[in-house]
Amino acid sequence: MDLTFAPNEAQFRDELRGWLAANGPGPEPEGEDAQYAWRRDWQRKLHEGGWAGVHWPVEYGGRGATLVESAIFYEELARSGHPLPANVLGLLLGGPTLMVWGTDEQKERYLTPILSAEEIWCQGFSEPDAGSDFAAVKTRAVEQPDGSFRVTGQKVWTSGAQYSKWCMLVARTDSGAAKHKGLTYFLMDMGQPQVQVRPLVQITGESEFNELFLEDAVIPAENVVGGVGNGWKVALTTLMNERAGLAFGLQVRLRVMIDELTQIAAENGQLEDPRVADQLGELHLRCEILRLTAYRGLTATMKYGQPGPEGSLTKWMWSETNQMLTQFAADVVGPEALTMGTKWSYELLRARGNTIEGGTTEILKNIVAERVLGLPKAK
Amino acid sequence: MDLTFAPNEAQFRDELRGWLAANGPGPEPEGEDAQYAWRRDWQRKLHEGGWAGVHWPVEYGGRGATLVESAIFYEELARSGHPLPANVLGLLLGGPTLMVWGTDEQKERYLTPILSAEEIWCQGFSEPDAGSDFAAVKTRAVEQPDGSFRVTGQKVWTSGAQYSKWCMLVARTDSGAAKHKGLTYFLMDMGQPQVQVRPLVQITGESEFNELFLEDAVIPAENVVGGVGNGWKVALTTLMNERAGLAFGLQVRLRVMIDELTQIAAENGQLEDPRVADQLGELHLRCEILRLTAYRGLTATMKYGQPGPEGSLTKWMWSETNQMLTQFAADVVGPEALTMGTKWSYELLRARGNTIEGGTTEILKNIVAERVLGLPKAK
Amino acid sequence: MNFDFTEDQHEIRRTARELLAARSPFARVREHAEAGTYDDALSQELGELGWPGIAVAEEHGGQGLGLVELVILLEALGEACAAVPLRGSALAALFIEYAGSSDQQAQWLPGLASGALRGAVGEWSDGVAPLVPDAVGADVLVLLDPDGMASLVAAADASIEPVNAIDPTRRYGKVVVADEGGMDLLAADTSEALRCAEVAVAAGLVGASQRALDLTVAYVKDRKQFGVPIGSFQAVGHKAAQMLFDTEGARSATLFGAWAADADQDQLPLAAAIAKAAASAGGRATTAAAIQLHGGIGFTWEADLHWLYKRAQLDAAFLGGPGTHRARVAALSAERVAAAGTR
Amino acid sequence: MNFDFTEDQHEIRRTARELLAARSPFARVREHAEAGTYDDALSQELGELGWPGIAVAEEHGGQGLGLVELVILLEALGEACAAVPLRGSALAALFIEYAGSSDQQAQWLPGLASGALRGAVGEWSDGVAPLVPDAVGADVLVLLDPDGMASLVAAADASIEPVNAIDPTRRYGKVVVADEGGMDLLAADTSEALRCAEVAVAAGLVGASQRALDLTVAYVKDRKQFGVPIGSFQAVGHKAAQMLFDTEGARSATLFGAWAADADQDQLPLAAAIAKAAASAGGRATTAAAIQLHGGIGFTWEADLHWLYKRAQLDAAFLGGPGTHRARVAALSAERVAAAGTR
């Protein structure tokens, strides 16, 4: 047991910290399109510095970092205040999924442009009537005589769709097969008129997410990943990767905010109020436990292979704590936190999505009950 | 809207308060049997004073009190610190059930001895494998050629069984009929050797409850209540009555304890700690809301007839608040609250049963979701 | 002991809810929230119906009814999330009527009662009231300082700068009074008015909670996942049950507070603190739960739930949040316990 | 960064759990709890295995291992709810080793480490320590006053009156020291020992939580209602998931605290406060939830859950409850934030 960074890890951290201090994306511009371009440039810079695919194997152009180093990467990135790279879904989900399921040709073709942010990736799993329920996916892909597919249907909660070249799409290729069977995982070219993107405005007023409307969208045969009818398994690989890396960044982001709120409370004298201190104490405690539990999960992953369903625990813990923090900030910060355009008001509103996106807390608790505790499937 | 007592209600309260001040059960003896006898004597005294069946119609020997007066009765009884009468199940559940479903002969035979505590009643609904699930009742009653029944099976959570003359028993008379059908409601004589009573010791060390072992227990035909095969409906009447009256007494008991804890905190200086004040504030608030909601429920009952499933809300609120109170008391009172034989340690342990007995909180939430909100039956 | 409304009160409630359902559906609320305007047509209609002055004495041009009636209207307005500045006028009128001089009453009450003038009440310290609901467009402002003193100032004597609060269904303003000579301290004790105002704000929160619950119940009966309505999942049903619990608890407390203001003022201070604490915590919790139970769609601008959530956030903080009022409940209860004597 | 135990630590954990599963099933715990005795045979066996002295330096007759190893044993003992006074001896040894004079160390440590002597640590003020775990039968007592000073007293110089705590699996005592001349103030700073003791107590709570969870998971898989195992109800499954959440969170914090004590003492104060706060709140919550999820049977004396619940209540309060430690977390974090400079 060694709960501090080993020398190589500390060296990695120091090197990265130095690089992040010397390099950054520059000031954030106004407007969503400009912000996206800014994050894309930032990824190019990360890529040039060798920091884009830290957890990718060297053979695929990555840094071959260990899991701990990868965690450190997201921690330090969050601590630096710099944004996530633009192609975060390609880096965290798309690339690793291809590494497991892709053909050599697919790896050759797709991996490098993910790293360089030349081609942005998005994810087309959710549908309006299949929020948490994969088995209910209705989007249909019909095989054509030439082996290509024509896809029709609707997807939702697709972030970055308007900037993406490729969509990781799950569609039904066999409507006769029951439930999870009959699904196939595709890479769909977003640059065709048969794919329409409509932004979904959130309660914050921003649109991080989109709806996709597909009408006879064309996907060539070679863009099937992992074989026709195997989509459920391939998608699971993507989902398993989803929660691992980002957790460390989110936890540091939470830590930064809790520290900031502590400082505000200290400055305005509220820290003297034992009720305020009690709440802050609880937040600090939860955030630290989140960090430790995430690292415990890493150790388990290193020992037993695949990231396990324990990731559900950290996502659940983080989202609940972030909601607690932002609501509490409304009391501590006062009117500013209830005024549009301020950091705290944005966080207060945005936090409501945390317990929904990437698996609702209800679904995560089901997962914990069934897969970690082994209880019978919920009725 | 008149949220204070009307003149007749105030008069009822004052008269009762005067009577309770002048009359009481005397000091509580040691030992469970002696305590039971003491509560039986106390009920006789209440009966002589005309206070035993306050909510019973005058024609059945009651006082014919309104619902509000009946609520006042339980509030004042709790406030006086005097115990509940020994035959509380007969008074609250057995008598009212007979009034709805009993034959004239049954009313004639049973009601008066309930009031006078001459015959104590207990309730035999739950079974080891049918805690919250009536449909799973396994105890079987087999009709004999002479029309009587022989009953075999096991019941559990029967309070006061060792002191009871009659048991309100639900047993299966038709094993062919599905689920709730095929149940019959009986009055079973407890004074036969075919009925064995075994006390169940609770985590407090006391035994309020018992298991009943029935082996060919005899019930004559005239002891069927509401007709053979109609047991589910008759039992529902009993259950609907269960939560109405006692809520007022429980709420006052809670109020007395919160006030006492407030005084302790004031005396030992902890009230100065805003965290302690915050918790006490929450407890006072919940207790007052409980009182108000219970009275709102009474108004609704008076207007719409039957006590409604809103009773589930007050039971849930009370049990949760009582657990919060007793756990908090462990912090405020300190070692005394963790030492056997003290009031606060008893309450701390006993409170754990509150969210289980008389319908677990989980079942109560199901009832609220289904019957109050009209959501589809929980899967 | 009777929690039932009188026939007249039932009628007021029925009429108010029907009117607002017809005149202020979410489409209308959205239109005004997105434009940053009040619904003036609705405001005028409500003024003609006498709503702003329902609790103002008849001698001042009001309807001379009580806080119970005002609470009925404010709950309905909260339920509709209506984009009208009525609450500001009603609250200002409460202060002026309870604590103003007869000159002040004569000057402001008839206009506030008829809807011809508009009022606002705000929390003020060190010369600034940073976030005053209904301030933009108000004619008269009542500013409460942290010590419980209230001052009256005509809008003409103050600077009112619009502020975009996260709640876009009301027009908020930052109020600065450069020359405090233009302010009149309300002479009489304002604590009763403040208690009434707390109950009035609680009523709007109860309305928002109720609407959040109703929308959620309808949605979860309809929405299917895994082949069944999501309302059949215990995780959903129990959360909805908790919403009911929070809504009904706060409603009991608010009705009691309003009744106490009208009929038994000794009970008002504690009742108001309980009402505001319960409705504030309940309003935050129920509107957040509604978003959660709607899943992804609940987090969209399109879904209308956010009007309720955002308004609940502002109303929960206004005139003291849950913590402030729990502390008052504790203090008042401790006084009562001490007065009741030894244990 | 590696959360895994060493092979030796894994071995200690495996052995400890197997031994206790064999020697101290609930039937045995019950026997001693009901008789009001300790399990002397088990105590003796554990002494022979060197458990009480696992963290005591070899020069004092211990095994010279660290707090991590002690925490592994104490978690296992908490899981078994074993009726042995080992924790008292281990805690007393911590104080004497960290802060005692070499005479005190020589006098007490070898005996405590071998199990030949027994110790206890208690909270003391105004001359009385009202509820000291493991006090009955102890040879030496360490008494902590509210200012953080610790004194050592031989049992012979104190009056120890047995107290029936609600936890019958330990023998508690009320300790009064009539002649304070018989007490020796521990000369060195005891804060580190106290922090270690907090982590050690947290470990027992984590063990109790784990056992409560395991019993509950087994029960709800088996117990049927409405024709299906109750574990398939979300209300049950989600509550069990919350138990896991509380147990694992407290375990992460406790392991970190123990590691900090052994390897990075700068991190110990905050880590210990977090561990004790999380394990105390978690221990109360999980053992209560276990009773709830067992339904009626969980509330019976027969069901064994109450041993865990009652012990969790005592351990949660011992050396400061959740609130006390949350306040420390806040204070230490505020210091860290202030030291890190401006935002």
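The values are calculated or read from the model by the stated rules, or taken from the named source; none is laboratory data. Quick caveat, the model's predicted, so the values are computed rather than measured. As a convention, Cβ positions derive from the backbone with ideal geometry for all residues, glycine included, and neighbour counts pool all protein chains shown. Just so you know, the surface numbers come from the protein's heavy atoms only, side chains and all, with ligands and any DNA or RNA stripped out. Shrake-Rupley method; radii C 1.70, N 1.55, O 1.52, S 1.80 Å.
Helix-derived [θ] at 222 nm for the protein assembly as shown: sum -39500 (n - 2.57) over DSSP H runs of at least 4, divide by residue count, nearest 500? Walk me through the intermediate numbers first.
Numbers: 43 runs with 737 residues, N = 1444.
Computed ellipticity for the protein assembly as shown at 222 nm equals -17000 deg cm²/dmol.
Can you give me the solvent accessible area of residue D:297 with a 1.4 Å probe, rounded to the nearest 10 Å²?
Its heavy atoms expose roughly 70 Å² to the probe.
Using Cα positions and a limit of under 21 Å, work out the lysines in reach of residue B:45, with same-chain residues fewer than 8 apart set aside.
The reachable lysines, counting only those whose Cα sits under 21 Å from residue B:45, are B:165.
What accessible area, summed over both chains, is buried at the C-B interface (1.4 Å probe, Å², nearest 100)?
Values: alone 15110 and 18490 Å², together 29220 Å².
Its buried surface, counting both partners, is about 4400 Å².
Over the alpha carbons of the range C:125-179, what is the largest minus smallest coordinate on each principal axis, giving the biggest first in Å?
So the three principal-axis extents are 29, 23, 15 Å.
Between residue C:214 and residue A:4, what is the label-to-label distance in nm when each label sits 7 Å out along the Cα-to-Cβ direction?
The modelled label-to-label distance comes out at 6.1 nm.
Roughly how many Å² of residue C:103 are accessible to a 1.4 Å probe, to the nearest 10?
Rounded to the nearest 10, that gives 120 Å².
Given the protein chains as shown and a 1.4 Å probe, how many square angstrom of residue D:171 are accessible, to the nearest 10?
Result for residue D:171: roughly 30 Å² accessible.
Round to a whole number: what % of the accessible area of the protein assembly as shown belongs to carbon and sulfur, probe 1.4 Å? List each step's numbers first, then the result.
On the way: 26760 of 52230 Å².
Carbon with sulfur: 51 percent of the solvent-accessible area.
Taking a 1.4 Å probe, which of C:101, D:252 shows the most accessible area, and what order do the others take after it? Could you put the intermediate results ahead of the total?
Working: C:101 45, D:252 0 Å².
Largest accessible area first, the list is C:101, D:252.
To the nearest 10 degrees, how steep is helix C:26-35 against the longest Cα principal axis of chain C, on a 0 to 90 scale?
The angle comes out near 60 degrees.
Rounded, prolate or oblate: which fits the range A:7-115, taking a ≥ b ≥ c as square roots of the Cα gyration tensor eigenvalues, rounded meaning a/c under 1.5, else prolate when a/b beats b/c?
Oblate, because a/c is 1.5 or more while a/b does not exceed b/c.
Using the Kyte-Doolittle scale, find the helices of chain B whose mean hydropathy is at least -1.0 and whose Cα atoms extend 30 Å or more along the helix's long axis, counting only whole DSSP H runs. Don't skip to the end; give the middle numbers.
Values: long enough: B:246-267 (32 Å, 0.69); B:274-304 (43 Å, -0.16); B:311-333 (32 Å, -0.05).
Helices meeting the criterion: B:246-267, B:274-304, B:311-333.
I'd like to check one number: the per residue accessible area of the range D:19-60, probe 1.4 Å, reported in Å² as a whole number. Could you put the intermediate results ahead of the total?
Values: 1980 Å² over 42 residues.
In whole numbers, the range D:19-60 has 47 Å² accessible per residue.
Modelling each spin label as a point 7 Å along the Cα-to-Cβ direction, I'd like the residue B:371/residue C:164 distance in nm, to one decimal.
The two pseudo-label positions are separated by 5.0 nm.
Explain nothing, just the number: dipole magnitude of the protein assembly as shown about its Cα centre with +1 on each Lys and Arg Cβ and -1 on each Asp and Glu Cβ, in debye rounded to the nearest 20.
Numbers: 124 positive and 186 negative charges, 907 e Å.
Computed charge dipole of the protein assembly as shown: roughly 4360 debye.
Name the residue, out of D:175, D:71, D:220, whose mean-square fluctuation peaks in a Gaussian network model built on chain D with Cα pairs under 10 Å.
D:220
Using a 1.4 angstrom probe on the protein heavy atoms only, could you order A:267, A:211, C:123 from most to least accessible area? Present the calculation step by step, with values, prior to reporting the outcome.
Numbers: A:267 115, A:211 20, C:123 75 Å².
Order by accessible area, largest first: A:267, C:123, A:211.
Along each of the three principal axes of the Cα atoms of the range A:204-303, give the extent in whole Å, ordering the values from largest to smallest.
66, 43, 16
Can you work out the FRET efficiency for the pair residue A:41 and residue C:176, with r the C-beta to C-beta distance and R0 = 51 Å, to the nearest 0.05? Walk me through the numbers on the way to the answer.
Numbers: r = 43 Å, r/R0 = 0.84.
The pair residue A:41/residue C:176 has a calculated efficiency of 0.75.
In the structure displayed, which of B:377/D:239; A:315/C:239; A:365/D:276; A:377/B:233; A:377/B:377 lie more than 22 Å apart, Cα to Cα? Could the numbers behind the result be given before it?
Working: B:377/D:239 20 Å; A:315/C:239 20 Å; A:365/D:276 25 Å; A:377/B:233 33 Å; A:377/B:377 18 Å.
In this structure, A:365/D:276; A:377/B:233 exceed 22 Å between Cα atoms.
Can you say what percent of the DSSP beta bridges in the range A:121-229, counting only those with both residues inside, are antiparallel? Round to 5. Each step should come with its number before you reach the end.
Working: 26 of 31 bridges.
Percent antiparallel among DSSP bridges in the range A:121-229 is about 85.
Report the FRET efficiency, 1/(1 + (r/R0)^6), for residue B:103 and residue B:30, where r is their Cβ-Cβ distance and R0 is 41 Å, rounded to 0.05. Don't skip to the end; give the middle numbers.
Values: r = 42 Å, r/R0 = 1.04.
E between residue B:103 and residue B:30, to the nearest 0.05, is 0.45.
Provide A:101, B:121 ordered by accessible surface of protein heavy atoms (probe 1.4 Å), highest first.
Correct descending sequence by accessible area is A:101, B:121.
How far, in degrees from 0 to 90, does helix D:7-23 lean away from the longest principal axis of the Cα atoms of chain D, to the nearest 10?
It works out to around 70 degrees.
What does the average come to when, for each residue of peptide C:200-208, you count the partner chain Cβ atoms lying within 10 Å of its Cβ?
Numbers: counts 0, 0, 0, 0, 0, 0, 0, 0, 0.
So the per-residue partner count for this stretch is 0.
Return one number: the angle in degrees, 0 to 90 and rounded to the nearest 10, between the long axis of the Cα atoms of helix C:191-222 and the longest principal axis of the Cα atoms of chain C.
20 degrees
How many angstrom lie between the Cα centre of the range B:67-100 and the Cα centre of the range B:178-199?
Distance between centres, Cα-based: 24 Å.
Using only the Cα atoms of chain D, what are the Rg and Dmax in Å?
So, for chain D, Rg and Dmax equal 19.8, 68 Å respectively.
So, R0 is 45 Å and r is the distance between the beta-carbons of residue B:304 and residue B:267; what FRET efficiency does that work out to, to 0.05?
On the way: r = 46 Å, r/R0 = 1.02.
Plugging the Cβ-Cβ distance into 1/(1 + (r/R0)^6) gives 0.45.
Once you sort the root eigenvalues of the Cα gyration tensor of the protein assembly as shown as a ≥ b ≥ c, which label holds: rounded (a/c under 1.5), prolate (a/b larger than b/c) or oblate (the other case)? Could the numbers behind the result be given before it?
Working: a/c = 1.35, a/b = 1.08, b/c = 1.25.
Rounded shape, in that the Cα axes give a/c under 1.5.
What is the distance in Å between the Cα centroid of the range A:21-39 and that of the range D:199-242?
The two parts, judged by their Cα centres, are 48 Å apart.
Cα convex hull of the range B:233-372: mean projected area in nm², to one decimal?
Mean shadow area of the hull around the Cα atoms is 9.2 nm².
Note down, for chain A, the three equivalent ellipsoid semi-axes (square root of 5 times each alpha carbon gyration tensor eigenvalue), biggest first, whole angstrom. Write down the numbers at each step before the final one.
Numbers: eigenvalues 245, 111, 98 Å².
So the three semi-axes of chain A are 35, 24, 22 Å.
In the range D:195-343, if every C-alpha pair distance is counted and binned at 5 Å from zero, what percent goes to each bin?
2, 11, 18, 18, 16, 12, 9, 7, 4, 2, 1, 0, 0
Near the axis that takes chain C to chain D, which C residue has its beta carbon closest, and at how many Å?
Axis relating chain C to chain D; nearest Cβ residue and distance: C:234, 2.
Put a point 7 Å out from Cα along the line to Cβ at residue C:164; what are the distances to that point in the other copies, in nm, shortest first?
6.9
Quick one: label points 7 angstrom along Cα→Cβ at residue C:22, distances to the other copies in nm, smallest first?
Those separations, rounded to one decimal, come out as 8.4 nm.
Students often forget the sequence filter, so: which aspartates and glutamates lie under 20 Å Cα-Cα from residue B:181 once same-chain residues fewer than 8 apart are removed?
The qualifying aspartates and glutamates are B:127, B:129, B:133, B:143.
Relative contact order, percent, of chain A when contacts are C-alpha pairs under 8 Å separated by at least 6 residues? List each step's numbers first, then the result.
Working: 598 pairs, mean separation 46.1, N = 379.
Averaging sequence separation for qualifying contacts and normalising by length gives 12 percent for chain A.
5 Å is the cut-off here: which amide hydrogens, built 1.01 Å from N in the peptide plane, fall below it relative to residue A:200, excluding neighbours closer than 5 in sequence?
Those qualifying (amide H under 5 Å, at least 5 residues apart or on another chain) are A:209, A:210, A:211.
For the range D:49-73 and the range B:298-366, what is the separation of their Cα centres, given in Å?
Taking the Cα centre of each part, the range D:49-73 and the range B:298-366 sit 45 Å apart.
Amide H to amide H under 5 Å from residue B:148: which residues, 5+ apart in sequence or cross-chain, H placed 1.01 Å off N in plane?
For residue B:148, whose amide H was placed from the backbone, the distant partners under 5 Å are B:221.
By the gyration tensor of its Cα atoms, with a ≥ b ≥ c the square roots of the eigenvalues, what is the shape of the range A:74-202: rounded for a/c under 1.5, prolate for a/b over b/c, or oblate?
Prolate shape, in that a/c is at least 1.5 and a/b is the bigger ratio.
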